[in-house]
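Participant: Handing you a structure now.
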Amino acid sequence: GGMLDFLESIGFLEWSAWDRESKEESWNDLAKPPGPIEFGDYGGREESYDDYAGGNRAWNYTSTYARSPRVQWIDAVAGPLVRGHPQDLYGGFQHITGYDLADFLQRWLEDNSFEGLSICEAILVDERFEHL
């Protein structure tokens, strides 16, 4: 749960389930391999999305997330952010990319005076993350 806990604490993810106990169970689910692929009628192959999502749909991108001007170019490549529903297969947004996360992390490092450090280094020197 360290990575998810960190991303929640800096405001990139949020837990959307009604109970907090299932949050710890979700961390355990991430350690399990995904379930088998179910074959169906869609082109001869259809994945079981419950297995694909690992039953972990309660983790969502923070509903207030917005792309910074630095990465607006992603709109033309992957599409603009489209807000979905909490606990959907897309974590509450469609078209979020790794570039969104990288930009968010870079801005967080800058806003917290950790320029020149990696995320791992910032976690090691910031007392807020001792539990990780």
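Participant: Name the pairs: first residue in the stretch 95-107 and in contact (Cβ under 8 Å) with a residue 24 or more places away in the chain and at positive phi, second residue open to solvent by less than 50 Å² (accessible area, probe 1.4 Å) and β-branched (Val, Ile, Thr), Cβ to Cβ under 7 Å, at least 6 apart or on different chains?
Facilitator: Hits for this filter: zero, empty list.
Participant: Go through the stretch 60-76 residue by residue and tally those that are modelled with pLDDT of 95 or more and exposed (fewer than 11 other Cβ atoms within 10 Å of the Cβ).
Facilitator: Residues in the stretch 60-76 being modelled with pLDDT of 95 or more and exposed (fewer than 11 other Cβ atoms within 10 Å of the Cβ): 3 in total.
Participant: Another one. Hey, can you tell me all the residues within the stretch 95-114 that are modelled with pLDDT under 95 and either part of a loop (DSSP other than H, G, I, E, B) or acidic (Asp, Glu) (or both)? Walk me through how you get there before you give the answer.
Facilitator: If we filter the stretch 95-114 for residues that are modelled with pLDDT under 95, which is where we start, we get 95-98.
His95, Ile96, Thr97, listed by residue number.
The values are calculated or read from the model by the stated rules, or taken from the named source; none is laboratory data. None of the values given here were measured: they were computed from a predicted structure. Positions of Cβ are backbone-derived with ideal geometry, glycine not excepted, and every protein chain shown enters the neighbour counts. Side chains included, ligands, DNA and RNA excluded: accessible areas come from the protein's heavy atoms. Shrake-Rupley method; radii C 1.70, N 1.55, O 1.52, S 1.80 Å.
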